[in-house]
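See below for the structure under consideration.
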Amino acid sequence: MTGQQPQKIGAALGAVPETALWTLYHRAVEARRWDTVLPDPRAVELVERIDYPFEERFGPDGGVIGQIQALRVRAFDREVADFLVRCPRGTVVCLGEGLETQYWRVDNGRAQWLSVDLPEAVALRERLLPPAPRQRLLACSATDPAWTDEVDPTHGVLITAQGLLMYLRPTEVRDLIARCAERFPDGTFVFDAVPRWFSRAASQGKLHDRGYTAPPMPWGMDADEQWKLATAHPAVAEIRDVLPTGGRGPVGALLPYAARLPVLGAFRPSVVALRFSARAGRGGAAGTAVR
């Protein structure tokens with residue numbers, strides 16, 4: 001008796017939610033390699049299950065894009081894993097999670113996970129990645145304060161935003177950081193940022209390949225501007241640059257060093273960890289420099 005192939009699931013998403021398919025595809029390309037820097041069988045499975053012209057839309061990946069994306073994801077994984085060591089019963093809040101499969105890579109069997117995303121993205125995630133008992137999905141914009149009421153801060157909170165903030169307006173980024181600092185004074189917020197030149201290119205429609213054009217990215221931040229994040233709220237106690245590690249070949253060898261170069265290092269994408277504390281000193285007038 002021949003087993004039937006599972007029916008493929010369609011993925012019709014708007015411009016920004018569709019970026020979740022771009023990152024998923026490149027993560028899966030990297031995960032298929034025998035020498036992958038990010039084992040992610042769930043990503044491979046999802047690409048096979050989704051009815052979507054991945055390669056036609058996003059082009060073939062010769063290995064560089066996939067590895068760079070995987071190293072960015074690994075930086076987030078490392079921060080979450082460290083948090084779960086410190087706060088094993090804590091809550092991980094994933095803003096704009098899309099089809100990220102981090103839960104299956106780093107979960108410790110005790111933490112609570114909350115995925116916050118737009119309704120169309122949550123609907124697709126429910127079909128492809130039904131939540132486990134300690135996972136919750138919330139159909140809500142990351143800019144809507146309502147999601148903060150769904151978080152129990154008793155055992156610690158870490159908030160992640162992978163591939164999200166660049167699609168918000170500068171005022172929305174500032175307000176989101178301030179809101180997290182206010183509601184979770186002992187929490188951590190980990191997010192990535194694109195440099196200003198990349199933000200401008202996307203907003204001018206210049207980031208395209210084959211059948212895909214990246215949506216506008218209103219917010220960009222050069223890596224040497226991270227200090228400005230302290231102005232979003234007095235509770236921002238620490239700003240830390242999370243550098244990529246563990247790469248393969250020339251990419252793995254060059255990325256950590258390029259990040260430290262005085263000029264080139266400033267114009268790179270970055271992953272940043274903010275630690276909040278109610279006891280932190282004032283970092284400046286709120287909102288004056290996060291723009």
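The values are calculated or read from the model by the stated rules, or taken from the named source; none is laboratory data. Quantities reported herein were computed from a predicted structural model and do not represent experimental measurements. As a convention, Cβ positions derive from the backbone with ideal geometry for all residues, glycine included, and neighbour counts pool all protein chains shown.
The criterion of at least 3 residues that are more than 16 Å from the chain's Cα centre (by Cα) and not charged (D, E, K, R) is met, among helices (runs of 4 or more DSSP H) falling completely within region 57-158, by 64-86, 119-128.
Identify all residues within region 97-150 that are polar (S, T, N, Q) and touching a Ser or Thr at 6+ places or on another chain (Cβ under 6 Å); write none if there are none.
Listed by number, the list holds a single entry, Q112.
Within region 49-107, being under 14 Å from L24 (Cα atoms), in contact with a strand residue (DSSP E or B) (Cβ under 8 Å, 6 or more places away or on another chain) and buried (at least 19 other Cβ atoms within 10 Å of the Cβ) holds for I50, Y52, F58, R72, G96, E97, G98, E100, Q102.
Of V37, V16, all but one fail to be touching a helix residue (DSSP H, G or I) at 6+ places or on another chain (Cβ under 7 Å), part of a helix (DSSP H, G or I), under 29 Å from R134 (Cβ atoms) and in contact (Cβ under 8 Å) with a residue 24 or more places away in the chain; the exception is V16.
Determine if region 267-282 includes at least one residue that is at pLDDT 85 or above, more than 30 Å from F54 (Cα to Cα), over 19 Å from the mean Cα position of the chain (by Cα) and among the charged types (D, E, K, R). Looking for residues that are at pLDDT 85 or above, more than 30 Å from F54 (Cα to Cα), over 19 Å from the mean Cα position of the chain (by Cα) and among the charged types (D, E, K, R), one finds none in region 267-282, hence no. Have a look at P262, P234 and point out the one that is part of a loop (DSSP other than H, G, I, E, B), of a type outside the set (A, V, I, L, M, F, W, C) and surrounded by 18 or more Cβ atoms within 10 Å (Cβ to Cβ). Result: P234 is the single residue among P262, P234 that is part of a loop (DSSP other than H, G, I, E, B), of a type outside the set (A, V, I, L, M, F, W, C) and surrounded by 18 or more Cβ atoms within 10 Å (Cβ to Cβ). Determine which single condition G211 fails, assuming it passes every other condition in (1) crowded, with 16+ Cβ neighbours inside 10 Å; (2) in contact (Cβ under 8 Å) with a residue 24 or more places away in the chain; (3) over 30 Å from D152 (Cα atoms). Only one criterion in (1) crowded, with 16+ Cβ neighbours inside 10 Å; (2) in contact (Cβ under 8 Å) with a residue 24 or more places away in the chain; (3) over 30 Å from D152 (Cα atoms) is unmet by G211, namely (1).
Take the residues in region 108-123 that are in contact with a helix residue (DSSP H, G or I) (Cβ under 9 Å, 6 or more places away or on another chain) and either among the small types (G, A, S) or surrounded by 22 or more Cβ atoms within 10 Å (Cβ to Cβ) (or both), then tell me which one is farthest from L164 (Cα to Cα). Only one residue tops the list, namely A111.
Scanning region 247-266 for residues that are touching a helix residue (DSSP H, G or I) at 6+ places or on another chain (Cβ under 7 Å), modelled with pLDDT of 80 or more and either of a type in the set (A, V, I, L, M, F, W, C) or at positive phi (or both) returns V251, L255, A266.
Take region 200-231 and flag every residue that is out of contact with any Lys or Arg (no Cβ under 8 Å at 6 or more places or on another chain), of a type in the set (A, V, I, L, M) and part of a loop (DSSP other than H, G, I, E, B). Across region 200-231, the qualifying residues are L207, A214, M217. Summed over region 97-133, residues that are more than 22 Å from V44 (Cβ to Cβ) and not aliphatic (A, V, I, L, M) total 7.
None of V92, V80, V64 is closer than 20 Å to P244 by Cβ and at pLDDT 95 or above except V80.
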